[in-house]
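The values are calculated or read from the model by the stated rules, or taken from the named source; none is laboratory data. These numbers come from a predicted model, not from an experiment. Please note: Cβ atoms are built from the backbone with ideal geometry, for glycine as well, and neighbour counts cover all protein chains shown. Ligands, DNA and RNA are stripped out before the accessible areas are found, and what is left, the full protein with its side chains, is counted by its heavy atoms. Shrake-Rupley method; radii C 1.70, N 1.55, O 1.52, S 1.80 Å.
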Amino acid sequence: MKLAIVGLGYVGITTAAAFSKLGHTIIGYENNIKKLATLTSGELPITEPEVGDILIENRERIYYREKIESNINEADLVFVSVGTPTSEAGETDLTALNGVMEELSRFGEIDLPIVIR
């Protein structure tokens, strides 16, 4: 199965590692250039036991991209794992999530499941 993961923070990276270990192909999208460069070089921008090793072991199935591309429709499933921080008042900031959903809509009708994590 080919999985697209939008947002490669803690949740996105661990999701990519777990699914790649199961044999799935991963296309990870991250707009933070520094984080993307870290991942591309084989480093890990988070601390989580074994995740780095799993990503290295499965690197032939993991592809990193800066921008969501129109070929995202080739994926079987899209995970959106961008940050939704909570303010001091307890309100959730959905700016990043709404931005991703808007970006996905640029490609017309997407006929695949979208999982929001």
Practice task
Identify, by number, the condition in (1) touching a strand residue (DSSP E or B) at 6+ places or on another chain (Cβ under 7 Å); (2) within 22 Å of MET1 (Cβ to Cβ) that ALA17 doesn't meet.
Solution key: (1)
Practice task
Determine, yes or no, whether VAL100 is part of a strand (DSSP E or B), in contact (Cβ under 8 Å) with a residue 40 or more places away in the chain and not polar (S, T, N, Q).
Solution key: no
Exercise for the section: Answer with yes or no whether ILE114 is closer than 22 Å to MET1 by Cβ and either open to solvent by less than 70 Å² (accessible area, probe 1.4 Å) or without any contact (Cβ under 8 Å) to a residue 40 or more places away in the chain (or both). Expected result: yes
Practice task
Please indicate, with yes or no, whether at least one residue in region 17-29 is under 12 Å from ARG65 (Cβ atoms) and among the polar types (S, T, N, Q).
Solution key: no
